[in-house]
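> Got a structure for you, written out below as structure tokens; questions coming shortly.
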Amino acid sequence: MVYVIFDFICLSYFFGSFRTENYKVTFGSLIFLALSLFFHINKMRSVYEITVTKKGIKRKTLTSSKEEFIPYSSVLKVQTERIQGSYSDAGQITTGYFESTVFLENGTELLISPDHFENYHEIIVAIRSNVTN
């Protein structure tokens, strides 16, 4: 959300600089827009989808469509944590949620949260039924 607000501010200065012919503002706006674009692309690289198969899970990056197959045999364990809900003076805002960390043989960790995956329960049930902790 902060990136989008930053983009709107840069764009307004960029287009406003043509009316005043202030080329320093135009140049500065272009630099900040390029930086913002870099951060957007970097953030999009971390967005991926997970598909459950019979022999493992497929992790597909949405920007590059690069697929990585993770067989169930390479999963060491699945650790589930309960994230506590949020509270304010008015009372409870959220009830909290669970998120799971999948530890792989190569030392990497895969965080699976219901906030990011609609098929969270399907993914966790499939991994747990095919992996012995």
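The values are calculated or read from the model by the stated rules, or taken from the named source; none is laboratory data. It should be emphasised that the depicted structure is a prediction, and the values quoted were computed from it without experimental measurement. With ligands, DNA and RNA removed, areas are computed over all heavy atoms of the protein, side chains included. Shrake-Rupley method; radii C 1.70, N 1.55, O 1.52, S 1.80 Å.
> Return the carbon/sulfur percentage of the accessible area of region 46-133, one whole number, probe 1.4 Å, all protein chains in place.
C and S atoms contribute 49 percent here.
> I've got another one for you. How many percent of all Cα-Cα pairs in region 57-117 sit more than 19 Å apart?
Taking all Cα-Cα pairs of region 57-117, the fraction more than 19 Å apart is 47 percent.
> List the aspartates and glutamates whose alpha-carbon lies under 13 Å from that of LYS54, not counting same-chain residues fewer than 8 positions away?
GLU122
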